[in-house]
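Below: one structure, written as C-alpha cells.
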Amino acid sequence: MKNPDTITDAPGPVALRLDKWLWAARLYKTRSLAVQSIDAGHVRVFAERSKPARIVHAGDSISIRKASMVWTITVTALSHRRGSATDALCLYVESPESIEARDEATSARRTALAAQPRFPGRPTKRQRRKLEDFLREP
C-alpha cells in the first residue's frame, strides 16, 4: 500500500494524522497532549469523536474544547513539521462565530475575576480594627 503523501506530486502532504496536525498547528505543545485531548473527547472532527490516527485533509472542520472555550476551525493546509507560530496560523482558519464566542467568554471571565474580592491573607491590625468598627455601627 502506498503512503498517502506520495500519491500526488504536490509539495505538501495530502493527508496527515490528527494528532500530528494538532501538534504542527501549535494547538497543543506535544503530540502526547494532543492524543490525551483526543482520547478525552475534547477534539471532534465534523462534530464526531475521533481517534488520534484519524486522517485529516484540507477542508476538514475540527472543534477543540480547551480551558472551557471551544475553537471551531477549518483545516487549510497540512504540515509534517512544527514551524513558527506565524507558519502555524496558515494551517487553519477559525470561524467568525468561534472568535466571537471566545471573545465573549474571555471578557466574561475577566469581569468575574475583577468582581471577586481579593484577600491577600490575614488582615493587619489596622484592617481588623476598621472591620470591627464597621460591624459595630448601627
- request: Show me 42-53, 121-132, 81-92 ranked by packing, highest mean number of other Cβ atoms within 10 Å first.
  value: 42-53, 81-92, 121-132
statement: Relative to the chain, whose Cα atoms define the longest principal axis, helix 96-115 and its Cα axis are tilted in degrees, nearest 10, by 20 degrees
statement: Taking Cα atoms only, helix 125-136 is inclined relative to the longest principal axis of the chain by an angle, in degrees rounded to 10, of 70 degrees
- prompt: What is the gain in length, in nm to one decimal, between Glu97 and Arg136 on full extension, counting 0.36 nm per residue of separation less the C-alpha to C-alpha distance?
  reply: 8.8 nm
- request: Per DSSP H run of at least 4 residues, take -39500 (n - 2.57); add these up for the chain, divide by its residues and hand me the 222 nm value, nearest 500 deg cm²/dmol.
  value: -11500 deg cm²/dmol
message: Between His80 and Gln36, how high is the FRET efficiency from 1/(1 + (r/R0)^6) when r is the Cβ-Cβ distance and R₀ = 30 Å? Nearest 0.05.
response: 0.90
task: Find, to one decimal place in angstroms, the Kirkwood hydrodynamic radius of the stretch 72-117, where the mean of 1/r is taken over every pair of different Cα atoms and then inverted.
output: 12.8 Å
field: Whole-number percent relative contact order across the stretch 1-98, with pairs defined as alpha carbons under 8 Å at least 6 apart
entry: 26 percent
field: P(r) tail fraction, the chain - alpha-carbon pairs more than 22 Å apart, %
entry: 52 percent
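Laboratory data are not the source of any read-out in this text; all were calculated from the coordinates shown. None of these values were measured; they are calculated from a predicted model. Virtual Cβ from ideal backbone geometry, glycine too; neighbours counted across all protein chains shown.
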